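Engineer: Take a look at this one; I'll ask things after.
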Amino acid sequence: MANPTLLILPGDGIGPEVMEQVERIIGWFGDKRGHAFDVTTDLVGGAAYDAHGTPLTDETMAKAQEVDAVLLGAVGGPKYDDLDFSVKPERGLLRLRKEMDLYSNLRPAQCFDALADFSSLKKDVVAGLDIMIVRELTSGVYFGEPRGIQDDNEGGRIGVNTQRYTTSEIRRVARSAFELAKRRSNKVCSMEKANVMESGILWREEVSWVHENEYPDVELSHMYADNGAMQLVRAPKQFDVIVTDNLFGDILSDCAAMLTGSLGMLPSASLGAPMENGRPKALYEPVHGSAPDIAGQGKANPCACVLSFAMALRYSFDLGEEATRLENAVQSVLAAGTRTADLMQAGDAKPVSTKEMGDAILAELDASL
Ligand code: IPM
Ligand code: MG
């Protein structure tokens, strides 16, 4: 059988340097575990704009549709701040999400024991935390029409975006949340603003419909998203799976990320419908951005990108045990006190570089054999 295919899009800022470590780890799974992947690499974001004048070429888009999974580093940077909206680096990422129809974005927020002290919250509030935010990723205010900036004909301007959700868009992401919950603690909390938004009322009704008709055995609760934000920092361990729309999910997942101590630790998976081979359309990326302030200095933490590849092993390639092997390797490295600069506290010894973190993870992988 042919090897599964991966398209790697390192992107901008720290993207290429963290992805370099992931490529070493992909190689390790081929050499040591017999799970070889056929890898191609291409440009996205500002890097693609610099080379081609667009943040994602049609050729790259077509490749993304063909492979078994896409791994993305990060996009964006101050160099591109003044570009026209239509060619900003972020548009490349949004086009991938939309055209691959990656409607279910899984953002796990897990607090590793070794890092419980790093959270801005008290240790006992976050120790052992393990929640999953399921963010709708292809609709809502990110894509709704009409949108734009227009003159109001009185010397001022009007900025418009549209929050819009359909029954099927809500039901399919709700199903993916209930499915995940069944394999976890069997609890889903749905978040919206049904108190002020019609789209929120529909969201609540449709999530309830899926629950009553298809997943009656999973526990479902509803929460207004503002209260959800408050509960996430007050008592995050009350949650198991949270399902929410594109914009609330963007905000709530950043909030959840900080519970775990560092944005440098959080992976994500964006999944769509199954392809002909049964694998879901999929893109994996760290939640952190391109971090231009530290780019190119070998300081970045590659763990979020490495853990995103672990999610690929689990969700695209049905290699759950190998995913756990990789996640355990990262945990062991942290438990041994190996730290990149984002994970340093006063009094700690010198931080390790991006490559040294990669070395340490590879050494743990070897030790796992
Ligand atoms: C994210 C990011 C993106 C988003 C940006 C880079 C377009 O913040 O993945 O959370 O807003 O979705
Ligand atoms: Mg975000």
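The values are calculated or read from the model by the stated rules, or taken from the named source; none is laboratory data. Here the structure is a predicted model, which is why all the values come from computation and not from measurement. Backbone-built Cβ (ideal geometry, glycine too); neighbour counts: all protein chains shown. Surface accessibility is based on the protein's heavy atoms, side chains included, excluding ligands, DNA and RNA. Shrake-Rupley method; radii C 1.70, N 1.55, O 1.52, S 1.80 Å.
Conditions tested, residue by residue: (1) closer than 28 Å to Gly140 by Cβ; (2) surrounded by 20 or more Cβ atoms within 10 Å (Cβ to Cβ); (3) modelled with pLDDT of 95 or more.
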residue	(1), (2), (3)
Met1	no, no, no
Val22	no, yes, yes
Ala47	yes, yes, yes
Pro55	yes, yes, yes
Val75	yes, yes, yes
Pro78	yes, no, yes
Arg95	yes, no, yes
Lys98	yes, no, yes
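Engineer: Please work out if Leu106 is open to solvent by less than 50 Å² (accessible area, probe 1.4 Å), of a type outside the set (S, T, N, Q), part of a helix (DSSP H, G or I) and closer than 18 Å to Val287 by Cβ.
Structural biologist: No, not satisfied.
Engineer: Let me ask something else about it. With the requirement that a residue be β-branched (Val, Ile, Thr) and open to solvent by less than 50 Å² (accessible area, probe 1.4 Å), what does the stretch 146-203 give you? Spell out the reasoning first.
Structural biologist: Initial filter on the stretch 146-203 (β-branched (Val, Ile, Thr)): 149, 158, 160, 162, 166-167, 170, 173, 188, 196, 201.
Of everything in the stretch 146-203, those that are β-branched (Val, Ile, Thr) and open to solvent by less than 50 Å² (accessible area, probe 1.4 Å) turn out to be Val160, Thr162, Thr166, Ile170, Val173, Val188.
Engineer: Still on this structure: Using the structure shown, decide if Asp38 is open to solvent by 60 Å² or more (accessible area, probe 1.4 Å) and farther than 19 Å from Val18 by Cβ.
Structural biologist: Working: open to solvent by 60 Å² or more (accessible area, probe 1.4 Å): yes; farther than 19 Å from Val18 by Cβ: yes.
Criteria met by Asp38.
Engineer: For the stretch 232-241, check the following and say yes or no: at least one residue is within 13 Å of ligand 2 (Cβ to nearest atom), open to solvent by 50 Å² or more (accessible area, probe 1.4 Å) and out of contact with any Leu (no Cβ under 6 Å at 6 or more places or on another chain). Before the answer, list the steps.
Structural biologist: Residues of the stretch 232-241 within 13 Å of ligand 2 (Cβ to nearest atom): none.
No, that holds for no residue.
Engineer: Checking the condition of a type outside the set (Val, Ile, Thr) and farther than 30 Å from Glu214 by Cβ, which residue from Gln150, Gln110 passes?
Structural biologist: Values: Gln110 fails: farther than 30 Å from Glu214 by Cβ.
Being of a type outside the set (Val, Ile, Thr) and farther than 30 Å from Glu214 by Cβ holds for just one of Gln150, Gln110, which is Gln150.
Engineer: Within the stretch 247-261, take every residue that is within 17 Å of Asp130 (Cα to Cα) and open to solvent by 50 Å² or more (accessible area, probe 1.4 Å) and give me the one that is nearest to ligand 1 (Cβ to nearest atom).
Structural biologist: Asp254
Engineer: Condition first: among the basic types (Lys, Arg) and over 17 Å from Val233 (Cβ atoms). Now tell me which residues in the stretch 78-134 satisfy that. Even if it seems obvious, please write down each step before you answer.
Structural biologist: Quick first cut of the stretch 78-134, residues among the basic types (Lys, Arg) only: 79, 88, 91, 95, 97-98, 107, 122-123.
Across the stretch 78-134, the qualifying residues are Lys79, Lys88, Arg91, Arg95, Arg97, Lys98.
Engineer: Please indicate, with yes or no, whether at least one residue in the stretch 286-308 is part of a strand (DSSP E or B), within 16 Å of ligand 1 (Cβ to nearest atom) and either under 16 Å from Ser119 (Cβ atoms) or in contact with a helix residue (DSSP H, G or I) (Cβ under 8 Å, 6 or more places away or on another chain) (or both).
Structural biologist: no
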